[in-house]
Amino acid sequence: MPRANRHYQAGQVWHITHRCHQRDFLLTFARDRRRWRYWLCRARRRFGLCVLNDIVTSNHVHLLVYDRGLGEISRGLQLTAGRTAQEYNRRKQRKGAFWEDRYHATAVESGDHLVRCLTYIDLNRVRAGAVAHPGQWPDSGYCELQAPPQRYGSVDHDALITLLDLSDLPQLQQERRQWVDQTLADEPMQREGHWSESLAVGSKAFVTAFQHALGARTLHRSVDCCSEGSYAWRAPPAAYEPVFPAKKPG
């Protein structure tokens, strides 16, 4: 079975997709989706995982993170996925794999491309027909943003404000609502596979630079235009390693 593509490059925004084993609906119940987000919050507090957005669906998760280069992503994902699976299997008296063997990571350029990726994640459940608006799916970074908890939030709103060059949380809340509402009004709800299946998405210059940074063995793969102003470097059938090596601070 091919492993999901995960190329490591520090100081980068990554869109991570992780599916349940054989795409089973193991996250159907809200209690299990909440536990995944609980452990995501713990990963943020324990390892400094910088979460920019997330959503938990019935059979997979989307996670947008910023890599600070301290190995926090690999350790954070291991904690979140591992504890969620352990709790579920123990409660259900179930054995066997909970997750697919590997998650997939796509490098995303900041600026407009980050905005598009944020909105694409926010609208996941709308595209699936589960809800009419992202605000109706509580197990998400969008809902957390609009009603931030006083303690133990999963998303690093300050980091997102900085990356998007905004002034404060109220502006971020307003902008996110406008991006979602505009997309709902202007565009048909369809899946855009480049966000979950490519190695990098952004301007042609960004994607090409990312491609060259990974070395000569990857240069034969084409960079394709996936939408107006956006380019994607598509993933091959098999994957490369290493990815997000566990590196201790200092």
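Rg over Rh for the range 1-104 works out to 0.95, both radii taken from alpha-carbon positions and Rh defined as the Kirkwood radius. D by Stokes-Einstein for the range 66-168, Kirkwood Rh over Cα pairs, 25 °C, 0.890 mPa s: 150 µm²/s. When the trypsin sites (Lys or Arg not before Pro) in the range 1-97 are filtered for DSSP coil states and for at most 14 other beta-carbon atoms within 10 Å of their beta-carbon, the remaining sites are ARG94, LYS95. Working note: Karplus 6.51/-1.76/1.60 with θ = phi - 60° gives the range 25-35 the couplings 8, 8, 10, 5, 8, 4, 4, 6, 5, 5, 5 Hz, where Gly and Pro are set to x.
Its convex hull of Cα atoms gives the chain a direction-averaged projected area, equal to a quarter of the hull surface, of 13.8 nm². GNM on the chain, alpha-carbon springs under 10 angstrom: the most fluctuating residue among ASN89, ASN59, ASN124 is ASN89.
Near VAL56, within a Cβ-to-Cβ distance under 11 Å, what is the net charge of the other residues, with Lys and Arg +1 and Asp and Glu -1? Here the charged neighbours net out to +2. Among the trypsin sites (Lys or Arg not before Pro) in the range 133-221, those placed in a DSSP loop whose Cβ has at most 16 other Cβ atoms within 10 Å are ARG151, ARG191, ARG221. Annotation: peptides 60-66, 193-199, ranked by per-residue average of other Cβ atoms within 10 Å with the highest first, follow the order 60-66, 193-199. Compactness check for the range 64-116: Cα Rg over 2.2 N^0.38 Å is 1.51. Of TRP137, GLN178, ALA159, whose Cα points farthest to the positive end of the dipole of the chain (charges on the beta-carbon: +1 Lys, Arg; -1 Asp, Glu; origin at the Cα centre)? Of TRP137, GLN178, ALA159, it is TRP137. Overall, the chain carries a charge dipole of about 1560 debye about its Cα centre when +1 sits on the Cβ of Lys and Arg and -1 on the Cβ of Asp and Glu, all other atoms neutral. For the range 98-183, state which chymotrypsin sites (Phe, Trp or Tyr not before Pro) are in a DSSP loop and have at most 11 other beta carbons lying within 10 Å of their beta carbon. Filter output for the range 98-183: TYR152. With the charge dipole of the chain set up from +1 on Lys and Arg Cβ and -1 on Asp and Glu Cβ about the Cα centre, the Cα lying farthest toward the positive end among the listed residues GLN93, LEU52, ALA200 is that of GLN93.
Throughout, read-outs are computed from the coordinates displayed, never taken from laboratory work. Note that the structure is a prediction, hence the values are computed from the model and not measured. Ideal geometry is used to build each Cβ from the backbone, glycine not excepted, and the neighbour counts take in all protein chains shown.
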